[in-house]
1. Considering the chain as a Gaussian network with a 10 Å cut-off on Cα pairs, which listed residue, L253, L146, L104, attains the greatest mean-square fluctuation?
2. Run the dipole for segment 10-69 about the Cα centre, Lys and Arg Cβ at +1, Asp and Glu Cβ at -1, nothing else charged, and hand back the magnitude in debye, nearest 20.
3. Compute the acute angle (0 to 90°) between the alpha-carbon long axis of helix 295-310 and the principal axis of greatest extent of the alpha-carbon atoms of the chain; round to the nearest 10°.
4. May I ask for the longest run of the chain untouched by GluC sites (Glu not before Pro) that are loop-located per DSSP and have at most 16 neighbouring C-beta atoms (other than their own) within 10 Å?
5. Return the whole-Å distance between the Cα centroid of segment 44-72 and the Cα centroid of segment 99-153.
6. By how many degrees, between 0 and 90 and to the nearest 10, does the Cα long axis of helix 80-92 differ from the longest principal axis of the chain?
7. Assign one of three labels to segment 10-69, namely rounded, prolate or oblate, based on the Cα gyration tensor with a ≥ b ≥ c the square roots of its eigenvalues; rounded applies when a/c is under 1.5, prolate when it is not and a/b is larger than b/c, and oblate otherwise.
8. At most 14 other C-beta atoms within 10 Å and a DSSP loop state: those are the exposed trypsin sites (Lys or Arg not before Pro) I care about. Give me the longest piece of the chain that has none.
Amino acid sequence: MPNNSLSYPKVCIRYDGLYYIDFRLNSKRVRMFSGCKINSSLAPNSYPSKLRHSKTALLAKEVYDYLVSNDYSFEKPLRGVDLFDSLIESKLSEPLSAMYRKTLKFIASLLRQELILRGSLSKQFLNSIPLKYNNNTSYNTTRRHLNVIINYLHNNGFTIEKSTLKTRKQEEVLHKPISDIKDLLERIKTHNNNLYICALLTYGCLLRPHHEIRLLRWGDFSDDLSYITLSGSRVKSKRNRVVPVPEYVRKELSVGDRNNNIFSGDIKPYNRSYFNGVWKRFKALNLEIDKDITLYSFRHTGAIEIFKRTGSIHKLQRAMGHSSLNVSLTYLRGLEVAELEESDMPMIL
């Protein structure tokens, strides 16, 4: 018997004289002696013997009608706000980054308020959320996050129209390469050692500064500091990474407890905006540095250096963790390194 199927309940009597109904629901056999599973007070065996058969027949009809009207299930399906809350809770329980979860939670709260107020989520309302942003980047980012929630709700049985808004064309930002990497690193070293180590690792190991590098522990390094190993859960590409550490980076490192963050010297790392703040203060004191130079410029510059040294776009793609060669060709920024050797890594000349 296929799913969403139901045989009409038969009235049966047990060896001890108790009546019950017997039927098959979605290929499973079910026996019921009362209507408690459908919130009915009908209990045939509480009646005198001569009435039990007729009351059990009545129970059979009640149960059959209930299951047919309830999508062949004893459980009442969630609807409206209850279904919305259940699905959002399920989505947010997935392994998401803290910032991504926070953004989805904020958008979900906007949808929930509208759902309570109007009883439904119109396409006009959904489109209004990203349309309030004039900046194309903010618009596209909000639209993308909104669609994640809309698609999840839609695919899990919640009645909602999909947004018809199209992505807006935005100018791609490439972090400007650094012409004199050695001079800039020396300036940073005199300003702040943590920022200096971060810039070295961004350039020399092609790691991302604000997440991958900021959260580094000494235990992520090999015993001789020649490699950094990161699990997929800690990197943007979601792939395990083994990154060679050039000698000029190793000599600047002072090893601490393997459980401690390499910058804070404690188990707890600095906050997400730590390097942004330090970099802004450095730039404020060095106004002659091009305004388009960012911490990511070290990574961009390192990627160009790797391509110059290896001549291999495929090796660069692996180093960057890009899914396609087109991305590597467009951005030439740096990443994963299973087949890179130390001699391939960027040098300071």
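Read the figures in this text as sums done on the coordinates, not as results from a lab. Predicted model, so just to flag it, every value in this text is computed and none were measured. Note that we place each Cβ from the backbone using ideal geometry, even for glycine, and neighbour counts take in every protein chain shown.
1. Maximum fluctuation in the GNM of the chain, among the listed residues, is at L253.
2. Values: 11 positive and 4 negative charges, 34 e Å.
My answer is approximately 160 debye.
3. So the helix axis and the longest Cα principal axis differ by about 70 degrees.
4. Details: sites that count: E75, E161, E171, E172, E252, E288, E339, E341.
Segment 76-160 is the longest.
5. Here the answer is 47 Å between Cα centres.
6. 40
7. Values: a/c = 2.16, a/b = 1.43, b/c = 1.51.
Oblate shape, in that a/c is at least 1.5 and b/c is the bigger or equal ratio.
8. Working: sites that count: R14, R79, K132, K162, K166, R168, K169, K236, K238, R239, K251, R258, R272, K291.
Excluding the exposed sites themselves, the longest stretch runs over 170-235.
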